[in-house]
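Asker: Got a structure for you, written out below as structure tokens; questions coming shortly.
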Amino acid sequence: MSTGHLSIDLTALAANWRALDAKTSVETGAVVKADGYGLGAAIVAATFASVGARRFFVAAAEEGVAVRAALGPEFEINVFSGHMAGDTALLRDYQLTPMLNSLDQVTRHLESLPGHAFGIQLDTGMNRLGMEWDEWAAVAEVVLAQHPTLVMSHLACADDPDHPMNPYQLDTFRKMTDGISTPRSLAATGGLLLGKDYHFDLCRPGIGLYGGQPYADARPVAQLDLPVIQVRALDAGEVVGYGNAWQAEKPSRIATVAAGYADGLIRAMSDRATLWADDHPCPLVGRVSMDLITVDVTGLDHDPEVLTILGSKQSVDQLADRAGTIGYEILTSLGGRYARRTTTG
Ligand SMILES: *Cc1c(COP(=O)(O)O)cnc(C)c1O
């Protein structure tokens, strides 16, 4: 069976990094966690490095290994989950910089890797990662004397510019960090777009680089073309797929397409998503199966060889809306079976 083709436009990736960088007067890093938002950490990291990114962020130390291999020794690779038990050898061997999240992590790091670079993550109200006010107050002086590379926090509601949580977290971050000489970072893509109060010394966008909301002007990066295995004619009243979930109301032509939920086309797309034959929309009908979807191509004057589900006609966010999710989930769900290639558009 021929698999889908996932094309990653390196020119668009580079343009998105440059465009976000141009919106601030401070340093711009690049978040390449979850295998570069599903597009391939090594290739996306190398692309961002080629246009000027110097600091990279991953979720787990294990993810830093591929990024280090792609970038070489010069660049800083930061790990959001900090220094967890069992991370010490990876952090040391691949020169990864943990963003320490708790007193336990600070102790572990300073004891097991004295002199090794680290940053600090503070919680300003999201209650997910980072030290809280009391914890930070107790150790700030000792920690800052060890010269962390970065003090950072993360915004919970930055995709909604009017959300009162944004100024609240900004104010809290200032109160926790004003007066220190360590570089500070608060903004991911959403925070970067909120304006310069949120920029501090470094912004660390992820999704906007990959063509996703809330960066409305992002250039699309991923195109996903899916091969049609066969096309069949149905009489009115015939049904399609598991559970007989779709029934033809009139004579129809149904294309069976080589991708399914095992490839990241989540089941919530059943009967909701649209695929494209060039400029013509074709509705996905019936349930998404593991390796296959079925698409109504009655409206076409030919049997298509390929249908496109991500591309110029449908962004990751438009597809996400149909499936009741977000562009982040569409991208990071893209499966390992696609034939991947890079393009420079
Ligand atoms: C994922 C993440 C980012 C990047 O966020 P985007 O919304 O993709 O720009 C930045 N900082 C932290 C702590 C993250 O977890």
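The values are calculated or read from the model by the stated rules, or taken from the named source; none is laboratory data. Source: prediction; values computed, not measured. Here Cβ is always computed from backbone atoms with ideal geometry, including for glycine, and neighbour counts include all displayed protein chains.
Asker: Which residue, of THR172, THR149, is farther than 24 Å from ALA49 by Cα and surrounded by fewer than 22 Cβ atoms within 10 Å (Cβ to Cβ)?
Answerer: THR172
Asker: Shifting gears a bit: Among the listed residues GLU63, GLU135, GLU111, identify the single one that is farther than 29 Å from GLY212 by Cβ, among the charged types (D, E, K, R) and in contact with a helix residue (DSSP H, G or I) (Cβ under 9 Å, 6 or more places away or on another chain).
Answerer: GLU135
Asker: Of the residues that make up segment 234-254, is at least one within 21 Å of TYR338 (Cβ to Cβ) and either at pLDDT below 95 or assigned by TED's automatic domain parsing to the domain that holds SER289 (or both)?
Answerer: Checked segment 234-254: no residue is within 21 Å of TYR338 (Cβ to Cβ) and either at pLDDT below 95 or assigned by TED's automatic domain parsing to the domain that holds SER289 (or both).
The rows are residues; the columns are (1) away from the ligand (no atom under 16 Å from the Cβ); (2) in contact (Cβ under 8 Å) with a residue 24 or more places away in the chain.
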position	(1), (2)
GLY190	no, yes
GLY212	no, yes
ALA216	no, no
VAL228	yes, yes
ALA245	yes, yes
ILE254	yes, yes
ASP263	yes, yes
ASP279	yes, yes
ARG287	yes, yes
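Asker: Then there is this: Quick check, is THR182 away from the ligand (no atom under 15 Å from the Cβ), touching a Gly at 6+ places or on another chain (Cβ under 8 Å) and either in a loop (DSSP other than H, G, I, E, B) or at pLDDT 95 or above (or both)? Explain how you work it out, then say what you get.
Answerer: On the way: away from the ligand (no atom under 15 Å from the Cβ): yes; touching a Gly at 6+ places or on another chain (Cβ under 8 Å): no; either in a loop (DSSP other than H, G, I, E, B) or at pLDDT 95 or above (or both): yes.
Judged against the criteria, THR182 is not a match.
One line per residue, one yes/no per condition, for (1) farther than 20 Å from LEU334 by Cα; (2) modelled with pLDDT under 95; (3) surrounded by fewer than 19 Cβ atoms within 10 Å (Cβ to Cβ):
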residue: ALA259; (1), (2), (3): no, no, no
residue: GLY264; (1), (2), (3): no, no, no
residue: ARG272; (1), (2), (3): no, no, yes
residue: LEU275; (1), (2), (3): no, no, no
residue: PRO281; (1), (2), (3): yes, no, yes
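Asker: Related question: Taking segment 141-179, which residues are part of a helix (DSSP H, G or I) and within 20 Å of LEU113 (Cβ to Cβ)?
Answerer: Step one: filter segment 141-179 for residues part of a helix (DSSP H, G or I), giving 141-144, 165-177.
Passing the criteria: VAL142, VAL143, LEU144.
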